[in-house]
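The values are calculated or read from the model by the stated rules, or taken from the named source; none is laboratory data. Fair warning: this is a prediction, and the values are worked out from it, not measured in the lab. So basically every Cβ, Gly included, is an ideal-geometry build from the backbone, and we count neighbours across all protein chains shown. In case anyone asks, the SASA skips ligands and DNA or RNA and just uses the protein heavy atoms, side chains included. Shrake-Rupley method; radii C 1.70, N 1.55, O 1.52, S 1.80 Å.
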Amino acid sequence: MKLPVAELHIHLEGTLEPEMIMALAAKHSIELPYSSIDGLRAQYEFSSLQSFLDLFYANMMVLRTREDFHEITMAYLQRANDCGVRHVELFFDPQAHVERGMDLRDVISGIREALNEAEENWGISHKLIACFWRHAPASEALDLLRLMITEKHEIDGIGLDSSELGFPPELFIEVFDLARANGLHVVAHAGEEGPADYIWQALDLLKVERVDHGIRCLDDEKLVQRLVAEQMPLTVCPLSNIRLRAVDTMADHPLPSMLEAGLKVSVHSDDPAYFGGYMDANFASLMESFNFSTEQLTQLARNSFESSFIDDAAKQERLAEVEAWANQH
Ligand code: ADE
Ligand code: ZN
């Protein structure tokens with residue numbers, strides 16, 4: 001039995017494997033600046049978050065139809081099922097697809113259909129979270145959120161992603177106020193590359209329920225105390241942090257000290273097609289450096305479900321699966 005976990009920090013567009021990018025480009029007769037999969041893969045050396053985002057946004061333009069969204073979501077869910085994911089809260093970037101002229105209804109219904117199939121086939125429960133770009137004007141996010149609310153698009157929450165430095169959470173107060181007023185869950189990337197102050201802003205101004213990444217909290221002792229006291233979930237993405245140079249090597253990763261400090265951390269894969277793997281690869285890499293005990297692994301898995309937005313009864317069922325795993329190890 002694999003360690004049962006909730007995947008709470010995964011960008012759908014970050015699951016686009018090079019093979020899929022080439023196949024979708026061929027399907028839609030889109031010319032890419034690379035002639036082979038190896039040529040594309042050769043671009044996967046990143047020096048910072050921005051160097052990754054430039055390629056990430058360019059590649060996602062191969063997504064053109066509802067079927068494309070259905071297909072890539074299904075491919076991800078199959079992969080997730082293979083590595084023990086029992087619940088997923090999937091991010092997607094609506095602005096990227098609307099900007100390209102796609103109908104948001106096609107994007108969301110393609111994703112939703114695959115999520116529902118995965119629930120029927122494998123019992124993987126789900127939520128869908130629309131992430132707004134912090135590099136784009138907040139007014140654009142606000143207009144799009146208003147539209148999603150008026151047209152009753154099926155999303156469960158909103159997030160905030162893309163370039164962090166220079167785009168503080170305070171710019172998005174109105175967007176998050178509107179989301180919360182409409183019963184949507186709220187999360188935000190903060191403290192990935194940006195300073196601890198952005199985490200304070202995400203908590204105090206956006207009133208987030210979860211912080212994505214959050215590793216820079218360690219620069220601020222008072223912030224750590226608050227995050228521990230509130231048991232504020234932090235969705236940590238170890239392979240992403242290494243590949244985007246937020247942390248030098250896995251041996252330097254702060255996850256063990258965060259766990260030790262009593263922070264509510266869990267492990268996630270961010271953009272697995274770009275960063276060297278899915279949930280299983282993240283755990284394998286952590287085990288190689290830290291050889292976590294059964295108790296530590298159990299705590300990480302428990303945290304993932306406790307940090308999720310699934311209802312209480314389902315949460316208890318998932319937590320029982322974690323305890324069953326712990327009893328066998
Ligand atoms: N979008 C996709 N991956 C991201 C990351 N790691 N940080 C910010 N925005 C993202
Ligand atoms: Zn992310």
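Over the chain, what is the relative contact order in percent, taking alpha-carbon pairs closer than 8 angstrom and at least six residues apart? The partial results should precede the final answer.
On the way: 543 pairs, mean separation 67.3, N = 329.
Answer for the chain is 20 percent.
If you place +1 on the Cβ of every Lys and Arg and -1 on the Cβ of every Asp and Glu, how big does the dipole about the Cα centre of region 5-327 come out, in debye to the nearest 20? Display every interim value, and only then the final one.
Details: 25 positive and 55 negative charges, 37 e Å.
So the magnitude is around 180 debye.
Can you give the Rg and Dmax of the chain based on its C-alpha atoms, in angstrom?
18.7, 54
Rounded to the nearest whole Å², what accessible area per residue is found for the chain with the 1.4 Å probe?
On the way: 12870 Å² over 329 residues.
Roughly 39 Å² per residue, with all protein chains present.
Show the residues, 5+ positions off or on another chain, whose built amide H is closer than 5 Å to the amide H of His126.
Counting only residues 5 or more places away or on other chains, the set is Val88.
Work out from phi, with θ = phi - 60° and the Karplus expression 6.51 cos²θ - 1.76 cosθ + 1.60, the ³J(HN,Hα) of each residue of region 132-141, listed in order in whole Hz, and give x for Gly and Pro.
Per-residue couplings from phi come out as 8, 7, 7, 7, 9, x, 4, 5, 5, 4 Hz.
Anyone know which of Leu239, Leu24, Leu255 comes out most mobile in the 10 Å Cα GNM of the chain?
Leu24
Determine which lysines satisfy two conditions relative to Lys222: a Cα distance under 22 Å, and not lying fewer than 8 residues away in the same chain.
Within reach: Lys207, Lys264.
Ordered by packing density, taken as the mean number of other Cβ atoms within 10 Å over each peptide's residues, highest first, how do 25-36, 310-321, 111-122 rank? If you can, show how the numbers build up before the last one.
Working: 25-36: 11.8, 310-321: 13.6, 111-122: 16.8.
Top of the packing list down: 111-122, 310-321, 25-36.
Among the aspartates and glutamates, which fall within straight-line cross-link reach of Lys127, defined as a Cα-Cα distance under 15 Å, with same-chain neighbours fewer than 8 residues apart omitted?
Answer for Lys127, where 15 Å is the Cα cut-off: Glu7, Glu89, Asp93, Glu113, Glu117, Glu119, Glu154, Asp156, Glu209, Glu306, Asp311, Asp312, listed by chain and number.
Can you give me the % of accessible surface on the chain that is carbon or sulfur? Probe 1.4 Å, all protein chains present, nothing else counted. Could the numbers behind the result be given before it?
Working: 6200 of 12870 Å².
Of all accessible area on the chain, carbon and sulfur atoms account for 48 percent.
In sequence order, what are the phi-derived ³J(HN,Hα) couplings for region 51-59 according to the Karplus relation 6.51 cos²θ - 1.76 cosθ + 1.60 with θ = phi - 60°, rounded to whole Hz, with x for glycine and proline?
Working through the residues one at a time gives 5, 6, 4, 4, 6, 4, 6, 5, 5 Hz.
What accessible surface, in Å², does a 1.4 Å probe find on Leu178, ignoring ligands, DNA and RNA and rounding to the nearest 10?
40 Å²
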